[in-house]
Amino acid sequence: MAGATQVLPRTMPRPAAWRRRGVRRAVTFYLLISPWLLGFVVLSAVPLVGAFLMSFTNYDGLNLDYVRFVGTDNYLRALGDSDAQYALGRTLLLMAVVVPVGLVLQLVLALMVNQPIRFSNVFRTIFYLPYVVPVVAGVWIWKIFVDPTGGLLNALLGVVLPDVNVRWLVEYPTAVLAVLTIWGAAGGGMVVFLAGLQGIPAEYREAAMIDGASRAQVTRYITLPLLTPVIFFNLVTGIIVALQILVQPMLLSPGILGLSPGTVPPRDNYLYVVHAYIEIFTKQLFGYGSALLWVLFAVVLGLTVLLFKTSRRWVFYGVEP
Amino acid sequence: MRWTTTYGPVLIAATVFALPLFWVLVTSLKKQSEYGSALFPAEPQWLNYELAVALADFAHFAANSLFLSGAYAFLAVLVSALVGYGFARHEGPGRNKLFVLVLATWMVPNLVLFVPQFVMFARLGLTNTYWPWILWGLGGSPFAIFLFRQFFASFPRELDDAAEVDGAGPLRIFLQIYLPNAGPALAASAIFMFLWVWGDWLYPALLLHQDNTTLAVRMANAYADPHGNPLQTVTMAGVVLYVLPLIAFFAFAQRFIVRGIVTTGIKG
């Protein structure tokens, strides 16, 4: 008893010790996150500031001697750049097709494999596989599939329409690009939807069924409203990704040999980031290209903020299981 | 009737999804003379696979890819786990704001960040080396940091207290308690980090040269005969060889992830 009263006060920290302990805790925390913090400063913060400054110069990526500030010239030029406007138009068009179609497909796939069906694991794997396939392989897969000489698509169409000879990559390059994009992204979105579906308590659906709701009604009035946060997440990430598509159109050139950093995609697939890429790495206009990219960043940010604002009207967050 | 309404749509969708992949396999087994003339090969040409390995110095580029992806995945996962542990279990001023910053870097368009990094790497003489990937790895990955923070936050705190009483420091607690119990998160993030480098075409195309580049860049060029005519069949064999390890790896790791979740579930 006497021993206990003696021990207790000694372990009770006094204010100064508290402060010392707080400092030690803070030091521990900062030491633990220091690799990221250092990486953030060196690989993100400094480059971003540099990129922002670069967008106000005529920097060519090589020579620092000739660098001079050009004020807002690059931004004014970007606003009047007809190639940039054309490319932005193509990008928004692609986005307007790929995002809604992709979203619906991902949701339908998730609903299908979430049913208690046989081989659902096999189906899940098949739908997920294209998401794992690297971009270079994905481009080859579709290039060969739509190839007028040895492709399967024209052969299948030939069953219905004899003598069909569509040169897909020349005549409809954006359609091929859209299909490739939707096919490649479907699995990733599907998995997110699946996780969302599995987070909905089964009692909700069962209760509605007991009240006499049909399967379609349960999907429409129970499942979909509860999935709106997931729909919103996939919508936002889908738009951010769609606006930045670069490698697929670069590699999806009609020539069979030409997949190289220097090729320019067909005019139809001349997307905004492709334009920025060519201005920077082909024409060596690092300053101007950086300005183009900051404009895109502003567009992305603006769209995201707009989506978050509208989300209050249709995204349902109040689920407490 | 009921069978067709439930299985019909799934089977159709699965066929559409798998058809292009199936066609690559079929094409890779044709004779070049059969390309464009016969729908299916008269006899599977396994020789195409030997040619794909021999003609492109496949093993060399595969080794480059393996090293680069492996080194990046190893570093990024280890660092991200440590940083995620810091964010989940330790406190310091500005912790929440810093975590928002982690997520914010995730949102910045890739090229906006890469262009100035490229300039910086070029100025420091790090282009044509593997240093950029090592540096990226050492800085951790926002996605993986987020994953580990969420994962470690669900660990019972009593473990830390018990270890602290035994006199273990934060680093030892991380290495001996948190890391060994992070199987599923380690596997999942390692796969995605590995996949990112193995599949990436842009950064190696811009940062490396012909010899030390990755398989992705090499596979972007078609195989050709000595006259410069493309060999689609051999190219597809190469593409299959490029993708197959990933699929095998995924199939193997998926089981591991499931097992990891089950064992941690039992422990929790």
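Nothing in this text is a laboratory measurement; each read-out follows from the coordinates by a stated rule. Here the structure is a predicted model, which is why all the values come from computation and not from measurement. Heads up, the Cβs are rebuilt from the backbone with ideal geometry, glycines too, and the neighbour counts pull from every protein chain shown.
Points worth noting:
- Degrees between helix B:110-123 axis and first principal axis of chain B (Cα, 0 to 90, nearest 10): 90 degrees
- Over chain A: helical MRE at 222 nm, DSSP H runs n ≥ 4 each giving -39500 (n - 2.57), nearest 500: -22000 deg cm²/dmol
- Placing unit charges on the Cβ atoms only, positive for Lys and Arg and negative for Asp and Glu, gives segment B:28-133 a dipole magnitude near 540 debye about its Cα centre.
- Check: chain B dipole with +1 on Lys, Arg Cβ and -1 on Asp, Glu Cβ, in debye: 540 debye
- Percentage relative contact order, chain B, counting C-alpha pairs under 8 Å, at least six apart: 32 percent
- Using the rule -39500 (n - 2.57) for each DSSP H run of four or more residues, divided by the residues of chain B, the 222 nm mean residue ellipticity is -23000 deg cm²/dmol.
- Ordering of A:270-278, B:194-202 by burial proxy (mean other Cβ atoms within 10 Å per residue, highest first): A:270-278, B:194-202
- The trypsin sites (Lys or Arg not before Pro) of segment A:115-159 that DSSP puts in a loop, and whose beta carbon has at most 16 other beta carbons within 10 Å, are A:Arg118.
- Normalising the average separation of contacting C-alpha pairs (under 8 angstrom, six or more residues apart) by the number of residues puts the relative contact order of segment A:81-314 at 25 percent.
- Stretchable slack from B:Phe252 to B:Leu55, in nm (0.36 nm times residue separation minus alpha-carbon distance): 68.0 nm
- By the equivalent-ellipsoid construction on the alpha carbon gyration tensor, chain A comes out with semi-axes of 44, 37, 19 Å, ordered largest to smallest.
- Each residue of segment A:101-112 is assigned a 3J(HN,Hα), and the resulting list reads 4, x, 4, 4, 4, 4, 5, 5, 4, 5, 5, 5 Hz, derived from the Karplus form 6.51 cos²θ - 1.76 cosθ + 1.60 (θ = phi - 60°), x at Gly and Pro.
- Sequence-ordered 3J(HN,Hα) estimates for segment B:25-35 from the Karplus curve with 6.51, -1.76 and 1.60 and θ = phi - 60° stand at 4, 4, 4, 5, 9, 8, 6, 4, 5, 7, 5 Hz, glycine and proline given as x.
- Springs join every pair of Cα atoms under 10 Å in this Gaussian network model of chain B, and among B:Phe17, B:Phe121, B:Phe40 the largest mean-square fluctuation is at B:Phe17.
- Residue-count net charge about B:Ser37 - beta-carbon cut-off 14 Å; Lys, Arg +1, Asp, Glu -1: 0
- Built amide H within the under 5 Å cut-off of A:Thr57, gap 5+: A:Val70
- Taken about its Cα centre, the protein assembly as shown carries a charge dipole of roughly 1920 debye when the Cβ of each Lys and Arg holds +1 and the Cβ of each Asp and Glu holds -1.
- Derived scalar couplings between HN and Hα for segment A:300-307 equal 4, 4, x, 4, 4, 4, 4, 5 Hz in order, rounded to whole Hz, by the Karplus curve 6.51 cos²θ - 1.76 cosθ + 1.60 (θ = phi - 60°), x for Gly and Pro.
- Among B:Leu124, B:Leu231, B:Leu244, the largest mean-square fluctuation in a Gaussian network model of chain B, built with springs joining Cα atoms closer than 10 Å, belongs to B:Leu124.
- Loop-located trypsin sites (Lys or Arg not before Pro) across segment A:19-68 with a Cβ neighbour count of 16 or fewer within 10 Å are A:Arg68, with loop assigned by DSSP.
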